[in-house]
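The values are calculated or read from the model by the stated rules, or taken from the named source; none is laboratory data. Remember, predicted model here, so these are calculated numbers, not experimental data. All Cβ positions, glycine included, derive from the backbone under ideal geometry; neighbour counts span all protein chains shown. The accessibility values were calculated without ligands, DNA or RNA, using every heavy atom of the protein model including side chains. Shrake-Rupley method; radii C 1.70, N 1.55, O 1.52, S 1.80 Å.
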Amino acid sequence: MNKSQQPPGRSPKASGRAGDSPRSQERRAELIAVGRRLFARTSYDALSIDDIAYHAGIAKGLIYYYFASKRGYYLAVVEDSVSKLVGNAEGARQLPPRERLLHTLDGYLRFAWGHEAAYRTIVSGGVGFDTEVQAIRDRVRERLLSTIAEGVYGRTELAPPARAALTGWLSYVEGFTLDWIQHRDMERDFALRMLAAALLDTLRTIERFAPDHPAPPADG
(Lines give C-alpha, C1' and ligand atoms only; values in the text may rest on other atoms or scores of the structure.)
Protein backbone atom coordinates (compact mmCIF):
# COMPACT_ATOMS: atom_id res chain seq x y z
CA MET A 1 0.00 0.00 0.00
CA ASN A 2 1.52 3.36 -0.93
CA LYS A 3 1.81 6.42 1.28
CA SER A 4 -1.12 8.15 -0.39
CA GLN A 5 -3.41 5.40 0.81
CA GLN A 6 -2.39 5.02 4.45
CA PRO A 7 -0.19 7.11 6.73
CA PRO A 8 3.00 5.53 8.13
CA GLY A 9 2.55 3.55 11.29
CA ARG A 10 -1.24 3.51 11.09
CA SER A 11 -2.85 0.14 11.63
CA PRO A 12 -6.17 -0.62 9.91
CA LYS A 13 -7.38 -1.78 13.31
CA ALA A 14 -7.33 1.84 14.42
CA SER A 15 -10.50 2.44 12.47
CA GLY A 16 -12.37 0.15 14.83
CA ARG A 17 -12.72 2.92 17.41
CA ALA A 18 -14.41 5.21 14.90
CA GLY A 19 -17.88 3.71 15.01
CA ASP A 20 -18.72 3.95 18.69
CA SER A 21 -20.79 7.11 19.12
CA PRO A 22 -23.93 8.15 17.20
CA ARG A 23 -22.04 11.19 15.90
CA SER A 24 -19.23 8.96 14.63
CA GLN A 25 -21.72 6.74 12.87
CA GLU A 26 -23.42 9.78 11.35
CA ARG A 27 -20.10 11.20 10.19
CA ARG A 28 -19.10 7.89 8.67
CA ALA A 29 -22.41 7.70 6.81
CA GLU A 30 -21.86 11.22 5.48
CA LEU A 31 -18.43 10.26 4.13
CA ILE A 32 -19.86 7.13 2.49
CA ALA A 33 -22.52 9.28 0.82
CA VAL A 34 -19.76 11.46 -0.62
CA GLY A 35 -17.99 8.32 -1.81
CA ARG A 36 -21.11 7.06 -3.56
CA ARG A 37 -21.24 10.26 -5.59
CA LEU A 38 -17.52 10.26 -6.37
CA PHE A 39 -17.26 6.59 -7.31
CA ALA A 40 -20.49 6.64 -9.31
CA ARG A 41 -18.60 7.85 -12.39
CA THR A 42 -14.94 7.78 -11.38
CA SER A 43 -12.74 4.73 -11.05
CA TYR A 44 -10.84 3.78 -7.91
CA ASP A 45 -7.45 4.57 -9.44
CA ALA A 46 -8.55 7.99 -10.71
CA LEU A 47 -9.36 9.29 -7.21
CA SER A 48 -6.70 10.00 -4.61
CA ILE A 49 -7.23 10.44 -0.90
CA ASP A 50 -6.58 14.15 -1.45
CA ASP A 51 -9.34 14.27 -4.10
CA ILE A 52 -11.77 12.55 -1.78
CA ALA A 53 -10.93 14.85 1.12
CA TYR A 54 -11.31 17.92 -1.10
CA HIS A 55 -14.77 16.90 -2.33
CA ALA A 56 -15.82 15.95 1.21
CA GLY A 57 -14.54 19.27 2.60
CA ILE A 58 -12.49 17.55 5.30
CA ALA A 59 -8.89 16.82 6.25
CA LYS A 60 -7.77 13.53 4.77
CA GLY A 61 -6.86 12.30 8.23
CA LEU A 62 -10.57 11.78 8.88
CA ILE A 63 -10.73 9.23 6.09
CA TYR A 64 -7.87 7.31 7.68
CA TYR A 65 -9.56 7.61 11.04
CA TYR A 66 -12.85 6.13 9.89
CA PHE A 67 -11.68 3.72 7.19
CA ALA A 68 -7.92 3.19 7.77
CA SER A 69 -7.06 3.48 4.06
CA LYS A 70 -8.34 4.47 0.66
CA ARG A 71 -9.15 0.84 -0.05
CA GLY A 72 -11.05 0.52 3.22
CA TYR A 73 -13.07 3.57 2.28
CA TYR A 74 -13.74 2.19 -1.19
CA LEU A 75 -14.91 -1.16 0.16
CA ALA A 76 -17.22 0.59 2.63
CA VAL A 77 -18.76 2.60 -0.23
CA VAL A 78 -19.20 -0.53 -2.37
CA GLU A 79 -20.75 -2.45 0.52
CA ASP A 80 -23.16 0.40 1.22
CA SER A 81 -24.12 0.63 -2.47
CA VAL A 82 -24.73 -3.10 -2.58
CA SER A 83 -26.95 -2.99 0.50
CA LYS A 84 -29.15 -0.45 -1.28
CA LEU A 85 -29.25 -2.58 -4.44
CA VAL A 86 -30.38 -5.75 -2.70
CA GLY A 87 -32.58 -3.81 -0.30
CA ASN A 88 -34.52 -2.39 -3.23
CA ALA A 89 -34.74 -5.84 -4.79
CA GLU A 90 -36.06 -7.37 -1.59
CA GLY A 91 -38.42 -4.52 -0.76
CA ALA A 92 -41.36 -5.54 -2.93
CA ARG A 93 -42.57 -8.67 -1.18
CA GLN A 94 -46.16 -7.42 -1.20
CA LEU A 95 -46.32 -7.35 -5.02
CA PRO A 96 -47.60 -10.24 -7.16
CA PRO A 97 -44.77 -12.45 -8.50
CA ARG A 98 -44.53 -10.93 -11.99
CA GLU A 99 -44.58 -7.34 -10.72
CA ARG A 100 -42.06 -8.22 -8.05
CA LEU A 101 -39.66 -9.68 -10.61
CA LEU A 102 -40.01 -6.63 -12.84
CA HIS A 103 -39.48 -4.37 -9.82
CA THR A 104 -36.30 -6.29 -8.93
CA LEU A 105 -34.90 -6.07 -12.46
CA ASP A 106 -35.83 -2.42 -12.85
CA GLY A 107 -34.13 -1.55 -9.57
CA TYR A 108 -31.06 -3.46 -10.68
CA LEU A 109 -30.86 -1.52 -13.95
CA ARG A 110 -31.46 1.80 -12.22
CA PHE A 111 -28.64 1.06 -9.80
CA ALA A 112 -26.21 0.12 -12.57
CA TRP A 113 -27.11 3.24 -14.57
CA GLY A 114 -26.71 5.61 -11.65
CA HIS A 115 -23.68 3.93 -10.02
CA GLU A 116 -21.69 2.78 -13.02
CA ALA A 117 -18.25 2.62 -11.42
CA ALA A 118 -19.55 0.83 -8.32
CA TYR A 119 -21.50 -1.61 -10.48
CA ARG A 120 -18.44 -2.38 -12.61
CA THR A 121 -16.47 -2.97 -9.43
CA ILE A 122 -19.04 -5.42 -8.07
CA VAL A 123 -19.32 -7.36 -11.34
CA SER A 124 -15.64 -7.39 -12.30
CA GLY A 125 -14.33 -8.19 -8.84
CA GLY A 126 -12.78 -4.90 -7.79
CA VAL A 127 -9.26 -3.59 -8.05
CA GLY A 128 -7.33 -6.44 -9.64
CA PHE A 129 -8.50 -9.71 -8.13
CA ASP A 130 -9.94 -8.48 -4.87
CA THR A 131 -11.21 -11.31 -2.68
CA GLU A 132 -13.22 -8.94 -0.49
CA VAL A 133 -15.06 -7.47 -3.47
CA GLN A 134 -15.56 -10.98 -4.82
CA ALA A 135 -17.20 -11.88 -1.52
CA ILE A 136 -19.47 -8.83 -1.83
CA ARG A 137 -20.39 -9.92 -5.37
CA ASP A 138 -21.16 -13.44 -4.16
CA ARG A 139 -23.49 -12.08 -1.48
CA VAL A 140 -25.27 -9.91 -4.04
CA ARG A 141 -25.78 -12.84 -6.38
CA GLU A 142 -26.99 -15.11 -3.57
CA ARG A 143 -29.55 -12.59 -2.35
CA LEU A 144 -30.76 -11.76 -5.86
CA LEU A 145 -31.04 -15.47 -6.64
CA SER A 146 -33.10 -15.97 -3.48
CA THR A 147 -35.32 -13.01 -4.41
CA ILE A 148 -35.95 -14.37 -7.91
CA ALA A 149 -36.58 -17.91 -6.61
CA GLU A 150 -39.03 -16.73 -3.97
CA GLY A 151 -40.83 -14.56 -6.52
CA VAL A 152 -41.17 -17.41 -9.02
CA TYR A 153 -41.50 -20.50 -6.86
CA GLY A 154 -42.51 -19.13 -3.47
CA ARG A 155 -39.41 -20.67 -1.89
CA THR A 156 -35.66 -20.17 -1.91
CA GLU A 157 -34.62 -23.84 -2.01
CA LEU A 158 -33.77 -24.82 -5.58
CA ALA A 159 -33.04 -28.11 -7.28
CA PRO A 160 -29.53 -28.20 -8.82
CA PRO A 161 -30.77 -27.64 -12.42
CA ALA A 162 -32.79 -24.61 -11.32
CA ARG A 163 -29.95 -23.18 -9.26
CA ALA A 164 -27.43 -23.61 -12.07
CA ALA A 165 -29.75 -22.17 -14.74
CA LEU A 166 -30.69 -19.11 -12.69
CA THR A 167 -27.04 -18.52 -11.80
CA GLY A 168 -26.26 -18.62 -15.52
CA TRP A 169 -29.05 -16.15 -16.17
CA LEU A 170 -27.59 -13.79 -13.56
CA SER A 171 -24.25 -13.94 -15.42
CA TYR A 172 -26.13 -13.01 -18.59
CA VAL A 173 -27.77 -10.10 -16.75
CA GLU A 174 -24.36 -8.84 -15.65
CA GLY A 175 -22.90 -8.99 -19.16
CA PHE A 176 -26.00 -7.42 -20.68
CA THR A 177 -26.00 -4.63 -18.12
CA LEU A 178 -22.31 -3.86 -18.60
CA ASP A 179 -22.92 -3.44 -22.32
CA TRP A 180 -26.02 -1.34 -21.66
CA ILE A 181 -24.31 1.15 -19.36
CA GLN A 182 -21.29 1.36 -21.65
CA HIS A 183 -23.18 2.17 -24.86
CA ARG A 184 -26.32 3.79 -23.37
CA ASP A 185 -28.20 3.27 -26.62
CA MET A 186 -31.31 1.45 -25.31
CA GLU A 187 -34.12 2.76 -23.17
CA ARG A 188 -34.29 1.21 -19.72
CA ASP A 189 -37.79 -0.15 -20.35
CA PHE A 190 -36.56 -1.92 -23.49
CA ALA A 191 -33.60 -3.41 -21.60
CA LEU A 192 -35.96 -4.47 -18.81
CA ARG A 193 -38.25 -6.31 -21.22
CA MET A 194 -35.29 -8.11 -22.80
CA LEU A 195 -34.02 -9.32 -19.43
CA ALA A 196 -37.51 -10.39 -18.37
CA ALA A 197 -37.96 -12.33 -21.62
CA ALA A 198 -34.61 -14.07 -21.10
CA LEU A 199 -35.67 -14.98 -17.56
CA LEU A 200 -38.92 -16.50 -18.81
CA ASP A 201 -37.00 -18.58 -21.35
CA THR A 202 -34.70 -19.74 -18.55
CA LEU A 203 -37.66 -20.67 -16.34
CA ARG A 204 -39.19 -22.71 -19.16
CA THR A 205 -35.91 -24.55 -19.62
CA ILE A 206 -35.77 -25.25 -15.89
CA GLU A 207 -39.29 -26.71 -16.01
CA ARG A 208 -38.22 -29.14 -18.74
CA PHE A 209 -35.43 -30.55 -16.59
CA ALA A 210 -36.95 -30.01 -13.14
CA PRO A 211 -40.76 -30.45 -13.46
CA ASP A 212 -41.25 -29.60 -9.79
CA HIS A 213 -40.14 -26.05 -10.67
CA PRO A 214 -42.95 -24.96 -13.02
CA ALA A 215 -42.55 -21.80 -15.08
CA PRO A 216 -45.16 -19.07 -14.66
CA PRO A 217 -47.47 -18.37 -17.60
CA ALA A 218 -46.06 -16.00 -20.21
CA ASP A 219 -48.66 -13.33 -19.46
CA GLY A 220 -47.79 -13.14 -15.79
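Averaged per residue, what accessible area in Å² does segment 94-220 show with a 1.4 Å probe, protein chains only? Show your work: numbers first, answer last.
Details: 6500 Å² over 127 residues.
For segment 94-220, the per-residue accessible area is 51 Å².
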In nm, to one decimal, how far is the residue 30 label point from the residue 62 one, both placed 7 Å along Cα→Cβ? 0.5 nm
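Name the chymotrypsin sites (Phe, Trp or Tyr not before Pro) in segment 138-188 that are in a loop by DSSP and that have at most 15 other C-beta atoms within 10 Å, would you?
In loop regions of segment 138-188 (DSSP not H, G, I, E or B), there are no sparsely surrounded chymotrypsin sites (Phe, Trp or Tyr not before Pro).
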Extension gain residue 157-residue 42, at 0.36 nm per residue separation less the Cα-Cα distance, in nm? 37.6 nm
Surface accessible to a 1.4 Å probe, residue 66 within the full protein complex, Å²: 20 Å²
So what's the gap between the Cα centers of segment 103-177 and segment 33-69, to the nearest angstrom? 27 Å
